[in-house]
Amino acid sequence: MTTHRTGRAARHGFGSRCGWKAALLLLVAGCQTSPGQLGGCKPNTYHTSRKRVLARQLLADTAEEIGHHPLRAGRTVLADQAGLFGSMGRGLFGKRLAMRLHGAPPPLSTCPAVVNPELLETNFEPAAVQLYRQGGDALAVLEQMIDSAMCRIDVLMYIWEDDAVGWGVARHLAARAAPDRRVRILVDGGANLIFVPTPTDDPVSPSASEDKKAVKAGDANKVVCWLARQPYVELIRIRNPFGHFDHRKLVLIDGQNAWAGGRNFSYPSFFVRHDVSFTLQGPLVTQWQECYERYWRDQGGKPASIPSETPPVAANAAGRLVWNTPTEHSLRHALYHAIDRAGASVWMENPYLCDNGVISKLARARRRGADVRVVLTIQSDTKSINHTNRVTANRLLAAGVRVYLYPGRIHTKAAVVDGCWAYLGSGNFDTLSLRRNHELGVVFGPGPIVNELEQIMFQPDFNPDWELRAPLPLTLQDYAYEMIAGFAL
């Protein structure tokens, strides 16, 4: 009897220990997330309010994240709170107080500054890069890359509008999908519901005459819903737990070619807004492919093989990948690091330049004698950003920064420091992109691509007619929006 009880107790003890170990393993690793479904694709939800669909998605995605990845959910919440307090500190003390106390800015340095060795990174990979400033060129090369795919096409997109460009890209992808050629698409679950199709000057755009208030969930997701039904196309809605969105724009072809930048799949992105796209070849594409594969699986997709070899390229650049997730911020760290070590110049172009840390660091770089210039706009699609940028422009102007107000809509995300460091990607220079959203980009070291970026983008946009010479008149509404943009996550 004793032996029997001991054996049974041992078995129970072993089972208990295994149960705890299994629970701990699941807690750490999390469970496989089920693929997200697009709102408005089914007949019974087509005419549902976009706000209602978005609210349901956010609640369901947050519950899914907590249930399947509890530790990651906890880290996300803690990172959100830390980011809020950090942004508040930089806004109150770095921007609102310190920038006022430093008085008039010093004159620009007249001696050539020696490049800070800490700015010259060593962990770069060779890359072949081609810049596309004109939207027509960027769209043409994108379609050409899709049509040339032999093995697979992987897409990661934020906004996919119901217009001529959105439909054109979708049809190219559907036409290329085949049993032996996977077409995998990850599309953010909230962007189309928030940023409904807007009227454009494009006469063939189906959205040109639509009333924005009348656009329902099915209308907003019309293109991607159609694409999800096409043979051999695998499309997953990216989940948005805790209201975190995926702002990335990336197309990978056969694991060897990448198309990226700031442009969404919409007519205004290519033919109305001032932006830049780029293509990339080399080891960085392999790294992006590996990141895509991990993210595809994380969103519930079936795995695929990863190319093991990277073909040699005729490199004209050297760079490394940077990114932002709710808990990892290598993009913000790289940007802060570069501005802090600038000796000669800092040039930036972005419509959302409202991160408190970036603004404070630009002012400090100018006090060191650096030539600091920014290109932004007060004529963007977003009313709140127009108010915010008016205050930001005045703050930077008072700090001695040269401010250029582009007379229209810009969407560029770029920076060049000391002529030997550059950034291009999807991330804006605001709190959302640097702390909250999913973003991607590339940091480049000294080389032809940095010089080309200066020549084809920054130099033309430093138009004397656009330079701000005197402070803009401001209202209490301007200050209110600027405070929200600087502090809000």
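The values are calculated or read from the model by the stated rules, or taken from the named source; none is laboratory data. Note that this is a predicted model, so its numbers are computed, not measured. We place every Cβ from the backbone using ideal geometry, glycine too, and count neighbours over all the protein chains shown.
Some observations on this one:
- Any hit, segment 331-343, residues being more than 30 Å from residue 284 (Cα to Cα) and basic (Lys, Arg): no
- Scanning segment 333-351 for residues that are surrounded by fewer than 23 Cβ atoms within 10 Å (Cβ to Cβ) and within 21 Å of residue 410 (Cα to Cα) turns up nothing.
- Residue under evaluation residue 294, criteria (1) in contact (Cβ under 8 Å) with a residue 12 or more places away in the chain; (2) surrounded by fewer than 17 Cβ atoms within 10 Å (Cβ to Cβ); (3) within 19 Å of the chain's Cα centre (by Cα), criterion not met: (1)
- Residue 243 within 30 Å of residue 293 (Cα to Cα), surrounded by fewer than 17 Cβ atoms within 10 Å (Cβ to Cβ), at pLDDT below 95 and outside the structural domain of residue 383 (by TED's automatic domain parsing): yes
- Scan of segment 388-406 for residues that are closer than 20 Å to residue 476 by Cα and touching a Ser or Thr at 6+ places or on another chain (Cβ under 8 Å), ordered by number: 389
- Answer from 407, 448 - the residue that is surrounded by fewer than 16 Cβ atoms within 10 Å (Cβ to Cβ), closer than 30 Å to residue 124 by Cβ and not aliphatic (A, V, I, L, M): 448
Let's see how each residue does on (1) surrounded by fewer than 24 Cβ atoms within 10 Å (Cβ to Cβ); (2) closer than 27 Å to residue 194 by Cβ; (3) modelled with pLDDT of 95 or more; (4) of a type in the set (Ser, Thr, Tyr):
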| residue | (1), (2), (3), (4) |
| --- | --- |
| 360 | yes, no, no, yes |
| 368 | yes, no, no, no |
| 402 | yes, no, yes, no |
| 413 | no, yes, yes, no |
| 421 | no, no, yes, no |
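- All of (1) part of a helix (DSSP H, G or I); (2) surrounded by 14 or more Cβ atoms within 10 Å (Cβ to Cβ); (3) at pLDDT 90 or above hold for residue 87 with one exception: (3).
- Filter pass, residue 436 being surrounded by 24 or more Cβ atoms within 10 Å (Cβ to Cβ) and either touching a Pro at 6+ places or on another chain (Cβ under 8 Å) or of a type in the set (A, V, I, L, M, F, W, C) (or both): yes
One line per residue, one yes/no per condition, for (1) touching a strand residue (DSSP E or B) at 6+ places or on another chain (Cβ under 8 Å); (2) modelled with pLDDT of 95 or more; (3) within 18 Å of residue 276 (Cα to Cα):
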| position | (1), (2), (3) |
| --- | --- |
| 432 | no, no, no |
| 438 | yes, yes, no |
| 459 | no, yes, yes |
| 465 | no, yes, no |
| 469 | no, yes, no |
| 475 | no, yes, no |
| 484 | no, no, no |
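- Single condition residue 327 does not satisfy, out of (1) in contact (Cβ under 8 Å) with a residue 24 or more places away in the chain; (2) closer than 18 Å to residue 445 by Cα; (3) not hydrophobic (A, V, I, L, M, F, W, C): (2)
For every residue, the table says whether it meets (1) under 20 Å from residue 418 (Cα atoms); (2) under 24 Å from the mean Cα position of the chain (by Cα).
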position: 358; (1), (2): yes, yes
position: 361; (1), (2): yes, yes
position: 369; (1), (2): yes, no
position: 374; (1), (2): yes, yes
position: 377; (1), (2): no, yes
position: 387; (1), (2): no, yes
position: 392; (1), (2): no, yes
position: 395; (1), (2): no, no
position: 398; (1), (2): no, no
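- Matching entry among 269, 345, 277 (being of a type in the set (S, T, N, Q) and either modelled with pLDDT under 95 or assigned by TED's automatic domain parsing to the domain that holds residue 426 (or both)): 345
- Residue 318 being modelled with pLDDT of 95 or more, farther than 26 Å from residue 381 by Cβ and touching a Phe, Trp or Tyr at 6+ places or on another chain (Cβ under 6 Å): yes
- Elements of type strands (runs of 3 or more DSSP E) contained in segment 115-191, each with 3 or more residues being farther than 27 Å from residue 302 by Cβ: 125-132
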